[in-house]
Amino acid sequence: MSQDNNDTVNIEPEVNAKPKAAAKPKATKPKAAAKPKATKPKATKPKAAAKPKAAAKPKAATEKTIKSKSDYLSLRSQINKKRPTFRAQESWRFKRIDSRWRKPKGFDSFMRIQKKSWPAIVKIGYRGPKAVRGLHPSGYNDILIHNIDGLKNLDPSNDAIRLSAKIGKRYRLLIINEADKLGFKILNKGNLHRSK
């Protein structure tokens, strides 16, 4: 038999119950002033002479300290050779799926969970060195130029120029002559016959 919330409860105090005694405060003795304890001098161990740190191990001959931009560029080319070609999942199986990279998002996707024998997915570990990221293989910044005024704020030691395809032959020759005077590297000079 289950009890309902509406059952009557006896709230009246019991007649035979003894009243609780009031709590008496405990008498506490005043604490005596702390006496200074006689302390024994601790036996201290004499410190051993500091061990000289072991000399840094010379780096192995295979490890090369990378310092210059050309070293970073060669490292980037090595990383590029090892980097796999990232393809969209099942693009090799179905003609309707483009081979451009798309992240696999399927719940049961073996490519997403990186099963063995399935193609690699894009990860940050495949990235190149930050010092040369986005640079032309020659080591210069690749700058797109539309007119002669675009050469004003550039540095010939860091920047190489690429001429826009929308520039005509006559104006292209003017820009090439001006860039040669200033000492710029031109990445798409072409086989134009320049007048000197």
(message) Using only the alpha-carbon atoms of the stretch 134-196 as identical scatterers, what base-10 log of I(q)/I(0) does the Debye formula give at q = 0.15, 0.20, 0.22, 0.24 Å⁻¹?
(response) -0.41, -0.72, -0.87, -1.03
(message) Give me a comma-separated list of calculated 3J(HN,Hα) values for the stretch 127-132, in order, Karplus coefficients 6.51, -1.76, 1.60 applied at θ = phi - 60°, integers in Hz, x for any Gly or Pro.
(response) 6, x, x, 5, 5, 10
(request) Determine ³J(HN,Hα), in whole Hz, for all residues of the stretch 152-163 in sequence, where each value follows from phi through the Karplus function 6.51 cos²θ - 1.76 cosθ + 1.60 and θ = phi - 60°; x replaces Gly and Pro. (result) 4, 9, 9, 10, x, 7, 10, 10, 10, 9, 10, 7
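As an exercise, use a Förster radius of 22 Å and the Cβ-Cβ distance of ASN188 and ILE148 to find the FRET efficiency, rounded to the nearest 0.05.
0.85
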(message) If amide hydrogens are placed 1.01 Å from N in the peptide plane, which non-local residues have theirs closer than 5 Å to the one on ILE145?
(response) ARG162, LEU163, SER164
(request) Could you pull out every residue, at least 5 positions away or on a different chain, whose amide H is within less than 5 Å of the one on LYS185? Hs are placed 1.01 Å off N in the peptide plane, and Pro or chain starts have none. (result) ILE161
(message) Using the Karplus curve 6.51 cos²θ - 1.76 cosθ + 1.60 with θ = phi - 60°, what ³J(HN,Hα) values do you get for each residue of the stretch 69-84, in whole Hz, with x for Gly and Pro?
(response) 5, 5, 5, 5, 5, 5, 5, 4, 5, 5, 5, 4, 5, 7, 5, x
(request) Please get the size of the charge dipole for the stretch 67-130, origin at its Cα centre, with Cβ charges of +1 on Lys and Arg and -1 on Asp and Glu, quoted in debye to the nearest 20. (result) 120 debye
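Laboratory data are not the source of any read-out in this text; all were calculated from the coordinates shown. Computed from a prediction, not measured in an experiment: that's the story for all the values here. Neighbour counts run over all protein chains shown; Cβ positions are idealised from the backbone, glycine included.
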